[in-house]
Amino acid sequence: MKHVWWKEAVVYQIYPRSFKDSNGDGVGDLKGITSCLDYLKELGINVIWLSPVYQSPNDDNGYDISDYQEIMKEFGTMDDFEEMLSEAHKREIKIMMDLVVNHTSDEHQWFVESRKSVDNPYRDYYIWREGKGEKQPPNNWGSSFSGSAWQYDETTDMYYLHLFSKKQPDLNWDNEAVRQEVFSMMDWWCQKGVDGFRMDVISMISKTKEMPDGIKAEGAVYGDFAPYSIHGPNVHNYLKEMNRKVLSKYDLMTVGETAGVTVEEAKRYAGEDENELNMVFQFEHVDIGNNGNKWNLNKVPLVELKKILSKWQTELNGKAWNSLYLSNHDQPRCVSRFGNDSPEYRERSAKMLGTCLHMMQGTPYIYQGEELGMTNYPFTDISQFRDIESINAYRELVEEEKCREKNELIVCFQYKSRDNARTPMQWDDSDNAGFTTGTPWIAVNPNYKKINAKEQVNNVSSVFHYYKKLIALRKEYKIIVYGTYELLLENDPNLYVYTRTYEKERLLVLCNFSEEEQAIKIPEEFMTADCRILISNYGRESVKVKELRPYETLVIYHK
Ligand code: TEU
Ligand code: CA
């Protein structure tokens, strides 16, 4: 297996809107990020995945781009970007941009032109279809943000496709001119010195020619577009073309966001010799309990989580590289979803989750605030939400279809909504957690007085220092990056136990996902004198362990 820098790196995702506001307008910005680079250097991360900072009307908070080569006004100027990039590089931190090219904003010049007339030169930059009759869209596909995936456009009496919001028209990647525009823009950013791309919904860029009705899930109003818009006929051709024309010319890190990807498909997107991408984000573990509809309170059965993560560890090994994540800007906070965010167990379980993930094979991704054990927000009312996914779902399910009761849906939003990840980064115990001197665009979690970076940077037993140690261990022990993985106790409902092997070296990773004490039998090979504890969230010093305490984690090493 090739040893390369992006396999050994640890990535930190910044959602700029919520990271640090430098000018008091309540919205995070680039100067704010630059002012926090020393904090990230201290943590020890190597790459920043920067969620979109391009010009955007913010219908989907920057994932609706109106100019790929201009900076969003609220985030600052291109000079601010260049300063952040060079300051990051001075600290040996690379910048991976968020590439959102399955769709643009409807305010992008290409779409403004495209919708003017059927023979406009930009018409075929997007996907236009005739309706099926009086106000009937071309098919029954539903948008990921509620409603139909087709928007009627009066000017030319046709519909355009938008798999996300109606202000995010899908680009037509079958049009070579579109691909060329995207590749030139990517090259322009590479020439600026950026170090890679996270590729938004890249598995959706190729659609089938035929666009029949999709299957309706139980109780769904619209049909499923996935069979005709995910892993489409040309997706790998287009990524190979992107690699040939842009990616292969630079030493980049690339990760594809590939909703719906299987291990087999991942071997094509990220195969060592496929010349497409370095790795992909899979969704099976974060989609546990969703069955096509995320607005529920389903917990995560550990046996199912272990099965999924182990499959990705063993079946990609040696064939394609893994990404490792439990949090991002689209997911609830991992300590609330997979751990226990009660005051008693939040820190222990946050450290246990971090260990469980960071001791695996792959590139770990830390989402802003995850290193502090930040939690979901105590939402109680729809007025507190900002995310188009939540707001549209509430309107459709409560107000239009009247198929969900308001308060029970809000409880599901409190558990699963993306807004949980977008409350401001908690820097200190001053007003608004030091995120802004103005009014934050979304409320700060009231627990910021207890959970904030300032307290934790000065507290060696904090989640921050624990994550810092996890990152340092990855730098020190090649087995953590390259070792093979084997699951033990696969049917245990409370314990996640696995080994890693790398030549003569061995690692045993023990994680108690429960709040009860669990008996454990450490294998003899990990009880000998030359075994040592690499990390423990209970300060263990002896490997002679017969039980794991609530949310205890322990890593034992020997060679
Ligand atoms: O996410 C695509 C995607 O799969 C998510 O929208 C997911 O379906 C949803 O969040 C589950 O609740 C990417 C970006 O990460 C997301 O922020 C954007 O909203 C979306 O694409 C459109 O660009
Ligand atoms: Ca600001």
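The values are calculated or read from the model by the stated rules, or taken from the named source; none is laboratory data. These numbers were taken from a predicted model, which means no experiment stands behind them. Virtual Cβ from ideal backbone geometry, glycine too; neighbours counted across all protein chains shown. Ligands, DNA and RNA are excluded from the accessible area calculation, which covers all protein heavy atoms including side chains. Shrake-Rupley method; radii C 1.70, N 1.55, O 1.52, S 1.80 Å.
Taken across region 101-108, residues that are within 14 Å of Asp200 (Cα to Cα), of a type in the set (Asp, Glu), assigned to a loop (DSSP other than H, G, I, E, B) and out of contact with any Lys or Arg (no Cβ under 7 Å at 6 or more places or on another chain) do not occur at all. For region 280-294, the set of residues classified as open to solvent by less than 20 Å² (accessible area, probe 1.4 Å), within 27 Å of Tyr222 (Cα to Cα) and among the hydrophobic types (A, V, I, L, M, F, W, C) consists of Phe281, Val286, Ile288, listed by residue number.
Screening the candidates Lys31, Lys20, Lys2 for the property of being open to solvent by 10 Å² or more (accessible area, probe 1.4 Å), out of contact with any helix residue (DSSP H, G or I) (no Cβ under 9 Å at 6 or more places or on another chain) and among the basic types (Lys, Arg) yields one hit, Lys2.
Go through region 10-45 and give me each residue that's under 16 Å from the mean Cα position of the chain (by Cα), more than 14 Å from ligand 2 (Cβ to nearest atom) and part of a loop (DSSP other than H, G, I, E, B). Scanning region 10-45 gives a single hit, Val10. Taking the numbered list (1) within 16 Å of ligand 2 (Cβ to nearest atom); (2) in contact with a Gly (Cβ under 9 Å, 6 or more places away or on another chain) in turn, Cys403 passes all entries but (1). Note on region 503-532: residues that are open to solvent by 40 Å² or more (accessible area, probe 1.4 Å) and part of a strand (DSSP E or B) amount to 3.
Based on this model, can you work out whether Phe111 counts as over 22 Å from Lys209 (Cβ atoms), away from ligand 2 (no atom under 16 Å from the Cβ) and crowded, with 21+ Cβ neighbours inside 10 Å? No; evaluated as a whole, the condition is false for this residue. In the set (1) among the hydrophobic types (A, V, I, L, M, F, W, C); (2) at negative phi; (3) out of contact with any His (no Cβ under 6 Å at 6 or more places or on another chain), the condition left unmet by Ala433 is number (2).
As a summary of the residue check, Leu473 satisfies the conditions (1) under 30 Å from Ser18 (Cα atoms); (2) in contact with a Gly (Cβ under 9 Å, 6 or more places away or on another chain) except for the one numbered (2). The set of residues in region 123-137 being open to solvent by 30 Å² or more (accessible area, probe 1.4 Å) and touching a helix residue (DSSP H, G or I) at 6+ places or on another chain (Cβ under 9 Å) consists of Asp124 alone. Residue count for region 376-400 under the criterion of being within 20 Å of the chain's Cα centre (by Cα) and either within 16 Å of ligand 2 (Cβ to nearest atom) or open to solvent by 40 Å² or more (accessible area, probe 1.4 Å) (or both): the result is 1. The set of residues from region 201-227 being surrounded by fewer than 20 Cβ atoms within 10 Å (Cβ to Cβ) and under 24 Å from the mean Cα position of the chain (by Cα) comprises Asp224, Ala226, Pro227. Exactly one residue out of Asp64, Asp29 is farther than 18 Å from Thr436 by Cα and either among the charged types (D, E, K, R) or within 16 Å of ligand 1 (Cβ to nearest atom) (or both), and it is Asp64.
Tell me which residues, restricted to region 92-108, are open to solvent by 10 Å² or more (accessible area, probe 1.4 Å) and more than 16 Å from ligand 1 (Cβ to nearest atom). Within region 92-108, Glu92, Lys94 qualify.
In the set (1) open to solvent by 20 Å² or more (accessible area, probe 1.4 Å); (2) in contact with a helix residue (DSSP H, G or I) (Cβ under 8 Å, 6 or more places away or on another chain); (3) within 30 Å of Thr439 (Cβ to Cβ); (4) more than 16 Å from ligand 2 (Cβ to nearest atom), the condition left unmet by Ile48 is number (1).
Residues considered: Lys416, Lys406. Of these, the only one that is in contact with a helix residue (DSSP H, G or I) (Cβ under 9 Å, 6 or more places away or on another chain) and within 16 Å of ligand 1 (Cβ to nearest atom) is Lys416.
Consider Val509 carefully, then state whether it is farther than 22 Å from Ser349 by Cβ and in contact with a helix residue (DSSP H, G or I) (Cβ under 8 Å, 6 or more places away or on another chain). So Val509 does not fit the description; no. Of the residues making up region 421-477, those that are open to solvent by less than 40 Å² (accessible area, probe 1.4 Å), part of a helix (DSSP H, G or I) and closer than 19 Å to Thr355 by Cα are Gln456, Val463, Phe464, His465, Tyr466, Tyr467, Leu470, Ile471, Leu473, Arg474. With respect to the stated conditions, Gly62 is assigned to a loop (DSSP other than H, G, I, E, B) and either within 16 Å of ligand 2 (Cβ to nearest atom) or surrounded by fewer than 23 Cβ atoms within 10 Å (Cβ to Cβ) (or both).
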